[in-house]
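The block underneath contains the structure these notes are about, expressed in structure tokens.
What follows is calculated from the coordinates using simple rules that are stated; it is not laboratory data. Remember, predicted model here, so these are calculated numbers, not experimental data. All Cβ positions, glycine included, derive from the backbone under ideal geometry; neighbour counts span all protein chains shown.
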Amino acid sequence: MQLEKEFLAHIQQHQRIIHKVCHVYEQESVAREDLFQEIVLQAWHSFSKFRGDSKFSTWLYRVALNTAIAFLRKDKKHPTVISTIVFPESTESKDETEEQVKAMHKAIAALSKIDKALVMLYLEDYDYKEIGDTLGITANNVAVKMNRLKIKLKSETQKYYQYS
Amino acid sequence: MELDDIKQLLKQQLDEPASSKTDAALSDILKQSSKSIAGKLKRSIYFEIVVCVCIALCFAIVACTTSHWSFSIYFGFFSVVFVGFIFVLVYLNKKIKAFATAQYAIRENLEKLYLLLNEFTSRYFQFSMMLLPVCFIASILLTYADETMSGKGSGIIDGILHTPKETWIFISCYFIALATVMYFFAKWYIKKLYGNYICQLSNLIDELRDENV
């Protein structure tokens, strides 16, 4: 009971991380809710093994990304590795930056699950070493992947921006 | 526009507070069952353990209570086979539990899940295939044993040696056809259950390979 209380307090404080991961990995609200539940459950099942070696937020990021990447969607016969669902269009705006941000969102939504994890950790200002530790690859490999990813996102954003 | 140009803006948007869950809502989530692949495997293994225990018990009862010694051998043997399978299932369950409660780096996590699923599917396949010849040989021996018991036959070995060639050809063809159908059915069924997921895991692991070239 005490463990549950402690866990809930941690999750209450850091649930923003889970919402973020759900937002990037799932575009439909039902799927997002499913993923949210799954991440909380996975975190709860492994919480007894959390020894506080790292910050809770770092640990929760790892749990959330592991769950999101390995998550098997219930409603799909062949769950896809690449999400092609497009971000919902909001009110029309002539603001160029906003359009470009929207285009970037679309480009990120179309990335593979691994690339999404890279972008998420990069946006969280993790350095290459920390990203590598979370992904289980070398910092060098992260640097190579990030460079390729940036080039890819630039060209994809351009495409989406032109079409918008 | 590059990712770095709008990094702060993207970060801000992702940081925008989503609808926060209350303690009660979070507490409710903890009571639900996991939809993860490890959770699915665990439920499947629990079900199989229960089935195996029931079958092993029933077979053991038949083996102990029947007055026909051939039945005792047949059901006793399969009772032992199912008890053995229970140990395999308990071992797999332990591995899944250890995996489900540990949090590895993403690549390690995917590799462990991949190996776990591969082991589960290969054990499942091996067990299905192993039972085929065992059932077949046991049923042939049982037939001859029954003849021996009723006094019509002249012993198991004599019976087998004096069986007409046509009967053996028929039995062999029947066994080959059954084994072929079972082989492809088991392959198809396992692929249907986990095959696509295993392929996706393999692709994800490949994606995390070194790209220093």
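Per residue of chain A, what 222 nm ellipticity follows from adding -39500 (n - 2.57) for every DSSP H run with n ≥ 4, rounded to the nearest 500? Don't skip to the end; give the middle numbers.
Details: 7 runs with 116 residues, N = 164.
Computed mean residue ellipticity for chain A: -23500 deg cm²/dmol.
What does the average come to when, for each residue of peptide B:102-115, you count the partner chain Cβ atoms lying within 10 Å of its Cβ?
5
Per DSSP helix of 4 or more residues, -39500 (n - 2.57); summed, then divided by the residues of chain B. What does that give at 222 nm, rounded to the nearest 500?
Rounded to the nearest 500, the figure is -27500 deg cm²/dmol.
Per-residue counts of other Cβ atoms within 10 Å, averaged by peptide: what ranking do you get for B:163-170, A:142-149, A:18-25, highest first?
Working: B:163-170: 9.8, A:142-149: 17.6, A:18-25: 22.8.
Sorting B:163-170, A:142-149, A:18-25 by mean packing, highest first, produces A:18-25, A:142-149, B:163-170.
Could you please report the charge total around B:Ile205, scoring K, R as +1 and D, E as -1 over all other residues with beta-carbon less than 11 angstrom from its beta-carbon?
-1
By the scheme Lys and Arg +1, Asp and Glu -1, what is the net charge of all other residues having a beta-carbon under 12 Å from that of B:Ser33?
Details: positive: B:Lys31, B:Lys35, B:Lys40, B:Lys42, B:Arg43; negative: A:Glu38.
That works out to +4.
Counting other Cβ atoms within 10 Å of each Cβ, which trypsin sites (Lys or Arg not before Pro) in the stretch B:6-52 have at most 13 and sit in a DSSP loop?
B:Lys31
For each of A:Ser112, B:Ser67, count neighbouring Cβ atoms within 10 Å of the residue's Cβ, then give the residues from fewest to most.
Listed from fewest to most nearby Cβ atoms, that is B:Ser67, A:Ser112.
Could you state the per residue volume, in Å³, of the convex hull enclosing the Cα atoms of the protein assembly as shown?
With only Cα atoms used, the protein assembly as shown gives 185 Å³ per residue.
Rounded, prolate or oblate: which fits chain B when a ≥ b ≥ c are the square roots of the eigenvalues of the alpha-carbon gyration tensor, with rounded for a/c under 1.5 and prolate only if a/b beats b/c?
It comes out prolate by the Cα gyration axes.
Mean Kyte-Doolittle hydropathy of 0.0 or higher plus an axial Cα length of 30 Å or more: which whole DSSP H helices in chain B meet both?
B:37-65, B:69-101, B:106-150, B:165-190
Peptide B:202-208: average number of partner chain Cβ atoms within 10 Å per residue?
Averaged over the peptide's residues, the number is 4.
Length gain on complete extension for the stretch B:Asp206 to B:Ser128, per 0.36 nm per residue less the alpha carbon to alpha carbon distance?
Extra length from B:Asp206 to B:Ser128 when fully extended: 25.0 nm.
I'd like to compare A:40-49, A:123-132: which one has the highest average count of other Cβ atoms within 10 Å, and what's the full order after that?
Result, highest mean Cβ count within 10 Å first: A:40-49, A:123-132.
In degrees, nearest 10, range 0 to 90: what is the angle between the Cα axis of helix A:2-25 and the longest Cα principal axis of chain A?
Value to nearest ten degrees: 10.
Most exposed first by the Cβ proxy, i.e. fewest other Cβ within 10 Å, how do B:Ser27, B:Ser19, B:Ser70 rank?
Numbers: B:Ser27 16, B:Ser19 6, B:Ser70 19.
Ordered by Cβ neighbours within 10 Å, fewest first: B:Ser19, B:Ser27, B:Ser70.
Where does each of B:202-210, B:116-124 land if you order them by average Cβ count within 10 Å, highest first?
Ranked from most to least packed, the peptides come out as B:116-124, B:202-210.
Roughly how crowded by other chains is peptide A:110-121, in terms of the mean Cβ count from those chains within 10 Å of each of its Cβ atoms?
2
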